[in-house]
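Here's the structure, in structure tokens; my notes come after.
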């Protein structure tokens, strides 16, 4: 069964307990802000963050797409979608290509720039806790019920019922219900949450349908690039050898 998180933006008080719980459970170090980081609080050491927008506190984390673009572009399968809905990451397989960072429509995965052997880091929906019958640390820690955990198919009717029961309080939209094919992190809000998605991403079509053609050409690109590099290496070595032979002919000591 596909699990999901529902966040009601109107209930969030910005206490950051979800952020602290995530860091504690996953043993994440203190974050060191860098000038090149996005100004959204996420990093390799912060898997969830609170963004203040239009007078509201909005939680930002991996959206765990039903058809994740990050997994579709990974050439070695380091990222994959699990049966419970979480998109998880295997650092032992990662090549460090960072295709996942470019493909994510929400700009979530972050890189360990300061590590000798860097990996990509992001929220994993507390996959291991769910497997143990627990809920994600963030939803467990929320004191106001702003973010809750459950079955996706059960949360969707709940959020639509909440909208119908409170006319005028919410925008009549469930963010994550259909975007890029749907996500396992849903939002209910009274402000537009379009800023959580890159403006270049349009419609509800799953992104892997767009990336499959490009990724099918990756093996051929590697082979082609390898061949080109070998050819270039041969040309350079050949020119160096000819240059040395020409220099020897001009040197009187070799006459």
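FYI, it's all coordinate maths here, none of it is from the lab. A quick note: this is a predicted structure, and the numbers were derived from the prediction, not measured. Here the Cβ positions follow ideal geometry from the backbone for every residue, glycine too, while neighbour counts run over all protein chains shown.
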Residue exposure sequence - 122, 115, 17 - by fewest surrounding Cβ within 10 Å: 115, 17, 122
Once residue 27 and residue 195 are pulled to full extension, the length gained, defined as 0.36 nm per residue separation minus their Cα-Cα distance, is 57.6 nm
Order of 90, 40 - criterion: other Cβ atoms within 10 Å of each residue's Cβ, fewest first: 90, 40
Over region 17-164, with a single point scatterer placed on each C-alpha, what log10 of the ratio I(q)/I(0) does the Debye formula yield at q = 0.14, 0.18 1/Å? -0.73, -1.21
Applying 1/(1 + (r/R0)^6) with R0 = 25 Å to the Cβ-Cβ distance of residue 13 and residue 128, what FRET efficiency is obtained, to the nearest 0.05? 0.35
When 23, 153 are arranged by how many other beta-carbons sit within 10 Å of their Cβ, fewest first, they go 153, 23
